[in-house]
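Report on the structure given below.
The values are calculated or read from the model by the stated rules, or taken from the named source; none is laboratory data. Everything quoted here is computed from the prediction, not taken from an experiment. Here the Cβ is made from the backbone with ideal geometry for all residues, glycine too, and neighbour counts use every protein chain on show. Protein only, heavy atoms only, side chains kept; ligands, DNA and RNA dropped before computing areas. Shrake-Rupley method; radii C 1.70, N 1.55, O 1.52, S 1.80 Å.
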Amino acid sequence: MKESRRTFLSALGIYLAGSWVVLQVVDVLNQNLGLPPWAFSLALTLLLIGLPVVAATAWLQGRAREGAGSATESRAASGAPLRLPILTGVFTWRNAVLGGLVGMALWGVVATVALLRDREPAGSDPEQGAGAGPVEGATGHLAVRTRPAGVTVEARTVESAAEGALAEALQFGPTPIAGEPLPAGETLVRLGGPDLVPLTLLVVVPEEDTVSIDAELVPDAPLLAGMLIVPAGPSPPGAGGMPVEAFLIDRHEVTNREYVEFMADEGYATPSLWPDAMVVGGERLARASALARLVDATGTPGPRTWSGSVYPSGLADHPVTGVTWYEARAFCLWKGKRLPSAAQWWRAALGAGDRSHPWGEDVETLRARANVEASGTVEVESLPLGVSPFGAFEMAGNVREWLRTDDGTEPTAPSVGGSWQDPAYAISIEWREDLPRGFASEATGFRCARHAG
């Protein structure tokens with residue numbers, strides 16, 4: 001009996017230790033190869049199935065070594081049939097090892113098939129379109145470095161800019177990545193990670209060459225939420241070409257949903273957000289008198305396009321309109337920001353000036369990239385093919401945007417970018433309209449900026 005117990009305990013200890021090692025190997029493979037989530041569970045299940053087999057084999061083989069002779073005499077004396085040799089012939093170490101090898105092989109085959117299937121979009125299935133088959137046709141490569149590192153990368157090839165058609169998304173990362181194959185041509189790249197503001201960029205993958213992205217993502221903190229960073233550099237020549245320090249700017253125009261938070265926090269009743277005097281309706285008025293005119297259709301505080309301090313139904317994520325320069329300024333101050341200067345806005349829209357539009361030089365597909373000559377506004381970030389070189393949405397069309405002016409005596413303020421009301425030819429770096437600061441229309445909105453660091 002001592003021999004069978006010793007054999008049983010030894011085999012059980014070896015099996016449990018070996019199972020732990022196997023599970024550690026599976027975990028390492030999962031981290032490096034991206035195995036399906038159930039791969040670890042399958043391995044654990046197979047090991048649990050093997051546990052009673054090994055336990056039975058150890059006990060029976062131990063009993064057999066204690067002496068088949070004494071066992072035979074005991075069975076003969078009792079007149080019962082001898083069954084132990086039959087079981088020991090089935091539960092052998094050879095059979096146990098072969099069963100384990102078969103189980104491991106089964107796990108390997110299933111995991112490999114699943115891994116290949118999950119990575120199939122990066123293969124060459126012609127029925128899935130160019131975005132799913134970077135090995136077919138003209139190809140290039142994508143390299144991405146980010147600060148911080150370790151973010152995920154999603155790339156979607158532009159199949160038709162005029163129709164806004166994108167290929168199936170390809171997943172890469174974590175960053176840094178180098179030399180990932182992609183179809184040549186325009187590609188929409190989205191970078192993201194936990195507690196980071198996502199960043200969307202439009203790049204051109206060159207044929208048989210590499211396009212490199214070096215980007216900094218902004219923490220998704222209260223003061224920085226929804227913003228992106230624009231590095232220091234020159235503004236476009238048409239905007240003065242002035243050097244611009246690094247700054248942050250909103251990814252998209254301020255929405256009705258965001259503006260209602262300002263109103264709920266009594267933004268119109270907070271004197272520190274407003275100048276002592278404002279020019280509204282052509283008259284210079286004290287703060288209280290001016291605010292009494294900044295009301296909606298029902299006479300309550302709010303944008304001129306609202307009613308009862310409520311924005312139009314279904315337009316929560318459309319840009320807020322019907323606001324004066326003063327209201328845009330007050331909102332940005334309430335958020336701990338400011339309206340962007342002309343140099344900042346144009347740099348965010350066009351970079352250093354090596355392009356005529358936020359997305360580049362293509363004017364043939366302008367209406368698919370910018371909301372112009374339309375019947376109204378569209379949701380923010382709904383035209384990703386018009387994104388600027390730093391990832392800002394709708395900097396051409398949708399609504400013209402108020403800019404900062406520090407000249408307190410100037411009765412007007414610049415608005416730029418064009419709107420849904422404007423003709424396509426007006427969307428260019430030269431487009432600027434100086435409007436009275438107290439002017440409000442259904443085609444004018446804004447976004448905010450702040451210094452970096």
Express in whole angstrom the spacing between the alpha-carbon centres of region 201-270 and region 292-311.
29 Å
Once region 304-355 is represented by equal point scatterers at the alpha-carbon sites, with solvent omitted, what log10 I(q)/I(0) does the Debye formula produce at q = 0.20, 0.22, 0.28 Å⁻¹?
-0.87, -0.94, -1.07
Ellipsoid equivalent to region 169-243 - semi-axes via the Cα gyration tensor, in Å
25, 21, 10
Across the alpha-carbon set of region 199-240, Rg over Rh with Rh taken as the Kirkwood radius works out to 1.08
Label points 7 Å out from Cα along the Cβ direction at Met242 and Glu373: separation in nm?
3.4 nm
Residues whose modelled amide H sits under 5 Å from the amide H of Ser441, counting only those 5 or more places away in sequence or on another chain, are Gly322, Val323
Protein-only accessible surface order, largest first, of Asp422, Asp317, Asp406 at 1.4 Å
Asp406, Asp317, Asp422
First obtain the Kirkwood hydrodynamic radius of region 191-284 from its Cα pairs, then insert it into the Stokes-Einstein equation at 10 °C and 1.306 mPa s, and state the resulting D in µm² per second as a whole number.
91 µm²/s
Work out, in µm²/s and without decimals, the Stokes-Einstein translational diffusion coefficient of region 345-418 at 20 °C, 1.002 mPa s, Rh from Kirkwood over C-alpha pairs.
163 µm²/s
Log10 I(q)/I(0) at q = 0.20, 0.23, 0.27 Å⁻¹ for region 153-211, from Debye over equal alpha-carbon scatterers, is -0.77, -0.98, -1.24
Beta carbons within 10 angstrom, averaged per residue: use that to sort the peptides 223-231, 265-273, highest first.
223-231, 265-273
Taking a ≥ b ≥ c as the square roots of the Cα gyration tensor eigenvalues, with a/c under 1.5 meaning rounded and otherwise prolate when a/b beats b/c or oblate if not, region 291-418 comes out oblate
The ³J(HN,Hα) series, computed from each phi in region 172-186 with the Karplus coefficients 6.51, -1.76 and 1.60 at θ = phi - 60°, rounded to the nearest Hz and given as x for glycine or proline, is 10, x, x, 6, x, 10, 9, x, 6, x, 9, x, 5, x, 4
